[in-house]
Amino acid sequence: MAFSKWFFLASFVLVAVQAHTLQRRSPFHFQYKNKLYYIETFYKATFYKAFMSCSKLGMNLVSIESDDEFDKLHEFIKTNTKYEHGMAFWTSAAAMEPLQFHWMLSGYPVGLASKWLPGEPNNKQGNEYCMHLWVHNKKLVMNDESCTTQAFYICEQPKLVTSSDIRR
Ligand SMILES: [Ca+2]
C-alpha cells in the first residue's frame, strides 16, 4: 500500500516536472521587456479570427511599438520557426483609410517606417486594410494585405511582475 502511494506521488512529480520543462522550452513563447508573446505557427487564420484567437487566450494581437521590439521579434522568428519565404504573421495594425495604418488597440499610428517591404504599403487591388509581418528574401518585413488572407499570428500580453523581478 505504502509502495503504491509513493509510486503514485513519484509519477505525479515526474509529470509535473516534465510539463514545467516543456513549458519552459516551448519555442512559441518568449518574453521581451514587459511583454510575453505567443507565436502561432501551426494554425493559419484571417486577421479577424487571429484577433479573436488571441482574445480567447487572454492576450491581444501584437502591437509593435519600436524598431527594437520589431528586431527582437524578428530574431525570435528567425531562430524558432521554419522562417520560410512567404511565411506571414498577422499583427493588430489595420487601416481605416487606405495606407493609414494604426495599432487597433492603442490607436497609435504604426511607426517602423524602415520595416515596410520597399513599395509597401501599396493597397494592391484596393483591398489591403490589414498589416502582417512577412518573411521575404531572408528578412522580416511589413506588408499590407487583404484581411481575409490566411496567415499565422502573434499574440502578446503584459508580462506579470514576479518577486524575482522586484529583487533585481
Ligand atoms: Ca501590399
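Every number in this text was worked out from the coordinates using simple rules, so none of it is lab data. Please read all numbers here as calculations on a predicted model, not as lab measurements. All Cβ positions, even for glycine, are placed from backbone atoms using ideal geometry, and neighbour counts span all protein chains on display.
I'd like to check something: does the range 133-153 contain any residue that is at positive phi and more than 10 Å from the ligand (Cβ to nearest atom)?
yes
Can you name the condition, by its number, that Asn122 falls short on among (1) within 11 Å of the ligand (Cβ to nearest atom); (2) part of a strand (DSSP E or B); (3) of a type in the set (S, T, N, Q)?
The single condition Asn122 does not satisfy is (2).
Please give the strands (runs of 3 or more DSSP E) falling wholly within the range 30-105 in which 2 or more residues are touching a Phe, Trp or Tyr at 6+ places or on another chain (Cβ under 8 Å).
Result: 35-45, 88-95.
Anything in the range 56-92 that is buried (at least 17 other Cβ atoms within 10 Å of the Cβ), more than 15 Å from Phe28 (Cα to Cα) and among the charged types (D, E, K, R)? List them, or say none.
Glu69
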